Amino acid sequence: INLDAGMIKGGTIGSRIWLDLNGNGIFSDNEPGISEVMVELFTETGNFVASTKTGVLGGNSFVGSYKFENVRPGNYYVKFVISNDYLLSNANLGNEETDSDITNTFGRGTTEVFSILSGQQILYVDGGAYLPACIGDLVWDDVNKNGNQDEGEPGIAGVKVSLFLSNGQLVDSIRTDG
């Protein structure tokens, strides 16, 4: 009687999610990690495999790190479950070690499918996110024409205000309220 056993060495998947301060989708050394973000691993068919939260991993002080170990060879995608307060950076704009991989292929915060082989380490499945900026203020009737809003000078409703990129492209327009 022959009794055989096949062994598979598990792989490792991981990397980071960071606060993309300049919104360019590429990690820079000055950009901090985002801690306590749930990261989920799924098979390519959508079966849940495992989850973890971002934090500090051994030998590293970056707070947005995560890692899945002993992953069976196969095809997977990652989902970063991050608050809707964050906007997600554009994906695949740089090299695979520094760009964001969030493509929303399988819903918000997901990556595309990738393959891992026996014993392989894929430590570049990243995500960039940023908090949106807010631009606004007040249009008022400068009654005394001094360029400052003084007490008693009323706001003006219905004025069209437009936001443009530096190249002249219109981003959005809005009218002031009462």
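The values are calculated or read from the model by the stated rules, or taken from the named source; none is laboratory data. Predicted model only: the values in this text are computed from it and were never measured. Backbone-built Cβ (ideal geometry, glycine too); neighbour counts: all protein chains shown. The accessibility values were calculated without ligands, DNA or RNA, using every heavy atom of the protein model including side chains. Shrake-Rupley method; radii C 1.70, N 1.55, O 1.52, S 1.80 Å.
For LYS160, the aspartates and glutamates whose Cα comes closer than 16 Å to its Cα, not counting residues fewer than 8 places off in the same chain, are ASP137, ASP141, ASP172, ASP177.
Between ASN30 and ASN104, what is the FRET efficiency for a Förster distance of 25 Å, r being their Cβ-Cβ separation, to the nearest 0.05? It comes out at approximately 0.45.
Counting other Cβ atoms within 10 Å, which GluC sites (Glu not before Pro) in the range 69-178 have at most 14 and lie in a DSSP loop? Please list the in-between numbers first.
Numbers: sites: GLU69, GLU96, GLU97, GLU112, GLU151; in loops: GLU96, GLU97, GLU112, GLU151.
For GluC sites (Glu not before Pro) across the range 69-178 that sit outside H, G, I, E and B with at most 14 neighbouring Cβ atoms in 10 Å, the list reads GLU96, GLU97, GLU151.
Counting 0.36 nm for each residue step from LEU163 to GLN149 and taking away their Cα separation leaves a gain of 2.9 nm. Rg and Dmax of the range 113-178, both derived from C-alpha coordinates alone, stand at 23.7, 76 Å. Rounded to the nearest 20, the Cβ-based charge dipole of the range 80-178 about its Cα centre (Lys and Arg +1, Asp and Glu -1) stands at 280 debye. Taking only protein heavy atoms and a 1.4 Å probe, the accessible area of the chain is 49% carbon and sulfur. Looking at the chain, the accessible area is 63 square angstrom per residue; that uses a 1.4 Å probe and ignores ligands, DNA and RNA. Bridging of LYS67 to aspartates and glutamates at a Cα separation below 14 Å is possible for GLU36, GLU40, ASP126, once same-chain residues fewer than 8 apart are set aside.
Close amide H pairs (under 5 Å, H built 1.01 Å from N) link ILE156 with VAL139, TRP140, ASP141, residues at least 5 positions away or on another chain. Put simply, the amide H of VAL37, placed in the peptide plane, has neighbours under 5 Å in THR54, leaving out anything fewer than 5 places away on its chain. Computed log10 I(q)/I(0) for the range 77-150 at 0.14, 0.15, 0.17, 0.20 Å⁻¹: -0.56, -0.61, -0.70, -0.88, from the Debye equation with unit scatterers placed on every C-alpha and solvent omitted. Here the Karplus curve 6.51 cos²θ - 1.76 cosθ + 1.60, taken at θ = phi - 60°, turns the phi angles of the range 84-98 into couplings of 5, 5, 8, 8, 9, 5, 5, 8, 6, 9, x, 7, 5, 7, 10 Hz, with x standing for Gly and Pro. A probe of 1.4 angstrom, applied to the heavy atoms of all protein chains, finds ILE174 with accessible area near 120 square angstrom. For the range 1-107, the Cα-based Rg and Dmax, in that order, read 16.1, 65 Å.
Compare ASP126, ASP101 by solvent-accessible area with a 1.4 Å probe and give them largest first, with all protein chains kept in place.
Details: ASP126 0, ASP101 25 Å².
Greatest to least solvent exposure: ASP101, ASP126.
Annotation: amide H-H contacts under 5 Å for PHE68 (H modelled 1.01 Å from N, sequence separation of 5 or more, or interchain): ILE13, GLY14.
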